[in-house]
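Right, one structure below, let's go through it.
The values are calculated or read from the model by the stated rules, or taken from the named source; none is laboratory data. In this text, all values refer to a predicted model and were calculated from it rather than measured experimentally. Here the Cβ positions follow ideal geometry from the backbone for every residue, glycine too, while neighbour counts run over all protein chains shown. Just the protein is used for accessible areas: all its heavy atoms, side chains included, with ligands, DNA and RNA removed. Shrake-Rupley method; radii C 1.70, N 1.55, O 1.52, S 1.80 Å.
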Amino acid sequence: MESFRFEVGPQGALFIGSPETVAQKIAANLKTLGANRFDLKFGMPGLSPDSLRKNIELYGTKVIPRVRELLADPTASSAEAS
């Protein structure tokens, strides 16, 4: 459980949570790494096709636009995550 908590936290490898939380984490990682690209695997064992579609929809309609906003605003902080 401790390992899982670390991985879903700000410095972990799992991008789990609300669209805002995921966007904040992606933007923070892109800024820290100086990267201009982010690839995300959507599949999880046990995830239904409907859940997978919903996740992809949220990524495209909420997360990506928010990441672009955060990267465009030099004053945006990852502390804004909810």
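Its relative contact order, with pairs defined as Cα atoms under 8 Å and 6+ residues apart, puts the chain at 38 percent. Take the solvent-accessible surface of the protein heavy atoms, probe 1.4 Å, and return the percent of it on the chain that carbon and sulfur atoms account for. Percent of accessible area from carbon and sulfur atoms in the chain: 57.
Summing charges over neighbours of ALA13, with a neighbour being any other residue whose Cβ is under 14 Å away from its Cβ, gives +1 when K and R count +1 and D and E count -1. Between the Cα long axis of helix 19-33 and the first principal axis of the chain there is an angle of about 50°, rounded to the nearest 10. Highest-first packing order for the peptide set 15-26, 44-55, 64-75 is 15-26, 64-75, 44-55, based on the mean count of other beta carbon atoms within 10 Å.
Helix content alone sets the calculated 222 nm mean residue ellipticity of the chain: runs of n ≥ 4 DSSP H residues at -39500 (n - 2.57) each, divided across all residues, give -15000 deg cm²/dmol. Within the straight-line cut-off of under 12 Å between alpha carbons, the aspartates and glutamates reachable from LYS31 are ASP73, sequence neighbours fewer than 8 places apart in one chain being disregarded.
Excluding ligands, DNA and RNA, the accessible surface per residue across the chain is 73 Å² with a 1.4 Å probe.
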